[in-house]
Amino acid sequence: MQNTERAKSKNLKVLKKTFSYLKPYKLKLISAGFALIITAAITLGLGQGLRHLVDSGFSAKKESELAFAVMIIVFVGILLAVGTYIRHYLISWIGERVSSDIRMDVFGHIIYLHPGFFELNSPGEIQSRITTDTTLLQTVIGSSLSIALRNLLMFIGGILFLFLTNVKLTVIVLVSVPFIVFPILYYGKKVRNLSRLTQDKIAGVGTYVSEALLNIKILQSFHHQDEDKRRFAMTVEDAFIVSVSRIKQRSLLIASVILFILVGISFMLWIGGRDVIAGKITGGELVAFSFYAIMVANSVGAFSEVLGDLQRAAGATERLMELLISEPEIKDPVEPISIQSSLKAEIEFTDLSFSYPSRPERRAVDRVNLIIPELKTTALVGPSGGGKSTIFELILRFYDPTEGKIQLGGILLNRFATKDLRSMIGFVPQQPILFSGTLAENIAYAKPEATFDEIKRAAENAYITEFLHQLPDGYHTNLGHLGTRLSGGQKQRIAIARAILKNPKILLLDEATSALDSESEDIVKRALQNLMSDRTTIMIAHRLSTVLNADQIVVIRDGKIEAIGKHEELLRTNALYERLASLQFQTEIV
């Protein structure tokens, strides 16, 4: 019941949003509509051509009349072909264009949503909505909608010509219409509900494939192929069962419509044939009437076909619009404060607490008070899950604090525009993420407008030149999906090169040397040391070598600060730090 109410409440918004995408293409839409009306009128005119062919050609037994009637039909056929081409091209173009516009809008919208949104919505499902659902919309706008409008004109025009041709036979045809409409309404509702469910199941299939292929090395390292095949088969089978149910209901709909149409037309031909034999109407009139009756019947039958597409597209539209109307929780202030070059790069936490949206009952950060001094290095250490990475996410304003505040240079973070705030922060994650593209493009991700010389200097400072000769095309080598052609240490150096290229005031280093071997670590540490010398740096540390020279070390456990000090001081005064030093830092305490 809740799902139904939710769907109904959004229908008007969905339709309004969809129609708004057609507005920029009014001229093409009007042209397509004009071509549609012309072709419908020409098609309806064929009935009169057939009537003339039979009565004046066949019945009159005049070759000249026959030739004239045939010439008219050929000419009408040429006009119909030209008009159909124009209509089909314009409508298909609009369908493809609108589908592309919606894809761009949805993607452009979701990449600004806060990370918490993706905790509750699977990226694989979102991907399915952007690809599969927009394809359904393209089918409807570029084909089904045109067919529906064409058949509506055919139905109205056909009924009009039926009355002009023979009123008695028209009444017989109209009596059969309710029998055709009833199955459309009855089975149509079932098809609509199953269509929405089918889309959800297909999205689930896409999600499973995406997760499996993204983590293919883990999957294979645990030899999980057989289990994943079994689970995927179950997921596909669920989608198949729902699809079969939808197909069954739609097939019953089509079969019922065809049955009632043929029965109605057969009865009409029997009555009309008797009138021809009795001389009440001519053979041409019966042929023309049959033509219009079949046209009307086909129009009604086509609606049953189009209805299924429209219902599937309605579910797809709803799913897409759910993404478009999702509001980002992290919003820029109405009047943001511009970041001046003189802004002090000092960060202060005051009574800071935070819980993730997916885990509101647990505080990831609990009443933290801390000052990150400008142009100094602060190391965050502690057990995993203690809140260190959460502090990074709060500084980057991926989330806002649940309680308390964060200030940069004495100004609350939420007073800055997120673009300005993040432009002065460089982030090097523990697990570097690369994108499909070349080495140069991946380095320039931090500064798309960077010149090639700037990219080269950043690469040299991150010691990427040490392995550059291994790449067949140097800086122009395509690194593959997620950089699969590189080792972990090579990926890390590219992530560091990004930070160097960005030249930020604040550096966030999530154990930036953890993926490197000893020799590479020593090289990259020197590069980082040069980079950190005149910047505010915060690092998450799991190795002793990275914290020895920190200006302050912050020990964090269960979201709370347990101690603050330098290495030697904490070894003497804090039991947790001493234990971490001996276990995680892998050193002997003297």
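The values are calculated or read from the model by the stated rules, or taken from the named source; none is laboratory data. Since this is a predicted model, take the numbers as computed values, not measurements. Cβ coordinates were reconstructed from backbone atoms using ideal geometry, including for glycine residues, and neighbour counts include every protein chain displayed. These area figures cover heavy atoms from the full protein model, side chains too; ligands, DNA and RNA do not enter into them. Shrake-Rupley method; radii C 1.70, N 1.55, O 1.52, S 1.80 Å.
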Problem - Between segment 331-401 and segment 248-300, the alpha-carbon center distance in angstrom - result: 75 Å
Problem - Estimated translational D of segment 385-500 in µm²/s (Stokes, Kirkwood radius over Cα pairs; 25 °C; 0.890 mPa s) - result: 156 µm²/s
Practice task
For 246, 415, 367, 422, write out the residues from largest to smallest accessible area, computed with a 1.4 angstrom probe and no ligands counted.
Solution key: 367, 415, 422, 246
Handout entry: Distance (nanometres) between label positions extended 7 Å along Cα→Cβ at residue 244 and residue 167
Key = 5.4 nm
Exercise for the section: For segment 313-375, just say rounded, prolate or oblate: build the C-alpha gyration tensor, square-root its eigenvalues into a ≥ b ≥ c, call rounded for a/c under 1.5, and beyond that prolate if a/b exceeds b/c, oblate if not. Expected result: oblate
Fill in the blank from the handout: Long-range amide H partners of residue 507, meaning residues 5 or more apart or on another chain whose placed amide H is closer than 5 Å, are 426, 536, 537, 538
Handout entry: Unsatisfied cross-links (Cα-Cα over 32 Å) in the set 419/566; 405/502; 28/248; 201/491; 201/405; 376/419
Key = 419/566; 28/248; 201/491; 201/405
Handout entry: For segment 349-446: Kirkwood Rh in Å [reciprocal of mean 1/r, alpha carbons]
Key = 15.3 Å
Problem - P(r) tail fraction, segment 276-433 - alpha-carbon pairs more than 29 Å apart, % - result: 49 percent
Practice task
Express in nm, to one decimal, how much length is gained between residue 112 and residue 26 on full extension, taking 0.36 nm for each residue of separation and deducting their alpha carbon distance.
Solution key: 28.0 nm
Completion exercise
Burial-style ranking of 492-505, 26-39, average other-beta-carbon count within 10 Å with highest first, yields 492-505, 26-39
